[in-house]
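First comes the structure, then the notes that go with it.
The values are calculated or read from the model by the stated rules, or taken from the named source; none is laboratory data. Quick caveat, the model's predicted, so the values are computed rather than measured. For neighbour counting, all protein chains shown are included, and Cβ atoms are generated from backbone atoms with ideal geometry for every residue, glycine included.
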Ligand code: HPA
């Protein structure tokens with residue numbers, strides 16, 4: 001990341017509770033008006049560049065997607081002067097080319113979540129605020145990730161509509177068929193409200209998604225934790241390569 005005015009954070013999801021290769025310089029337990037973030041903020045250097053790391057599900061991994069305090073996580077990063085966030089998400093693949101261990105840098109999303117705190121603009125406010133969210137991912141940060149993926153021998157897609165479902169259960173085959181009709185290419189449970197909250201705080205935000213299973217009904221088999229773990233083992237190495245490359249570009 002050549003622009004010295006940028007301060008980068010990585011939010012690691014399932015399979016990325018710790019950032020291997022990060023030379024840790026500090027770890028801070030912080031608080032926010034929205035409560036505590038999922039884990040202490042980890043400060044360090046990756047490929048020689050400063051980065052803040054936050055484990056979305058806590059460390060160890062224990063907070064399910066619908067109980068993550070997204071508002072505290074994003075606010076805590078903003079408090080540290082972070083300007084740019086890369087959110088890493090494990091997802092299911094719907095689109096034909098997006099099978100296990102495929103990396104996706106989505107350009108759009110559809111939010112199917114409910115009952116999550118999804119805005120900072122509520123309660124006692126002087127004015128009503130509606131942010132623009134036409135293009136939910138920061139194009140500059142997306143391009144950084146795309147250039148990084150290009151440099152490595154990684155199977156990736158530079159587009160994709162991310163469907164964010166409520167979870168924690170996986171979908172039915174009929175739900176996946178509906179998401180496909182809606183134009184979705186991948187499904188996860190943690191992309192929202194994270195992206196919208198980042199936008200509300202004027203942070204640049206992009207998603208680096210790793211497909212860890214075919215979505216329900218895309219094969220004749222049911223989805224098992226074993227196959228998910230196998231895809232994580234295979235694919236998280238690619239995710240790390242892309243992260244290091246994009247930070248040091
Ligand atoms: N659906 C929703 N979220 C997911 C999936 C899935 O198939 N795989 C990993 N996260």
Unmet criterion (only one of (1) under 14 Å from the mean Cα position of the chain (by Cα); (2) more than 15 Å from the ligand (Cβ to nearest atom); (3) part of a loop (DSSP other than H, G, I, E, B)) for residue 198: (3)
Residue that is within 11 Å of the ligand (Cβ to nearest atom) and either touching a strand residue (DSSP E or B) at 6+ places or on another chain (Cβ under 8 Å) or in a helix (DSSP H, G or I) (or both), where the choices are 232, 247, 242: 232
Positions within the stretch 34-48 being touching a helix residue (DSSP H, G or I) at 6+ places or on another chain (Cβ under 7 Å) and surrounded by fewer than 17 Cβ atoms within 10 Å (Cβ to Cβ), in sequence order: 35, 36, 47, 48
Filter pass, residue 180 being in contact (Cβ under 8 Å) with a residue 12 or more places away in the chain, part of a helix (DSSP H, G or I) and within 16 Å of the ligand (Cβ to nearest atom): yes
Selection count where residues are assigned to a loop (DSSP other than H, G, I, E, B), in contact with a helix residue (DSSP H, G or I) (Cβ under 9 Å, 6 or more places away or on another chain) and surrounded by 13 or more Cβ atoms within 10 Å (Cβ to Cβ), scope the stretch 139-169: 7
Residues of the stretch 58-69 satisfying the condition of being crowded, with 21+ Cβ neighbours inside 10 Å and under 16 Å from residue 9 (Cβ atoms): 68
Qualifying positions in the stretch 209-220 - within 13 Å of the ligand (Cβ to nearest atom) and either within 11 Å of residue 103 (Cα to Cα) or out of contact with any helix residue (DSSP H, G or I) (no Cβ under 8 Å at 6 or more places or on another chain) (or both): 209, 210, 211, 212, 214, 219
Which listed residue, of 140, 150, 122, 204, is without any contact (Cβ under 8 Å) to a residue 24 or more places away in the chain, touching a strand residue (DSSP E or B) at 6+ places or on another chain (Cβ under 9 Å) and within 30 Å of residue 6 (Cβ to Cβ): 150
Test for residue 190: is it within 11 Å of the ligand (Cβ to nearest atom), touching a helix residue (DSSP H, G or I) at 6+ places or on another chain (Cβ under 6 Å) and under 30 Å from residue 122 (Cα atoms): yes
Per-region count, the stretch 164-177, residues free of Cβ contacts under 8 Å to residues at least 60 places away in the same chain and within 12 Å of the ligand (Cβ to nearest atom): 6
Any chance residue 52 is closer than 23 Å to residue 246 by Cα, under 16 Å from the mean Cα position of the chain (by Cα), surrounded by 14 or more Cβ atoms within 10 Å (Cβ to Cβ) and within 15 Å of the ligand (Cβ to nearest atom): no
Meets criteria (more than 13 Å from the ligand (Cβ to nearest atom), at pLDDT below 95 and more than 17 Å from residue 68 (Cβ to Cβ)) for residue 161: no
Some residue of the stretch 87-107 being without any contact (Cβ under 8 Å) to a residue 12 or more places away in the chain, exposed (fewer than 12 other Cβ atoms within 10 Å of the Cβ) and in a loop (DSSP other than H, G, I, E, B): yes
Residue in the stretch 13-23 that is surrounded by fewer than 17 Cβ atoms within 10 Å (Cβ to Cβ) and over 27 Å from residue 146 (Cβ atoms) present: no
From the options 66, 61, residue that is more than 30 Å from residue 182 (Cα to Cα), within 16 Å of the ligand (Cβ to nearest atom) and in contact (Cβ under 8 Å) with a residue 40 or more places away in the chain: 61
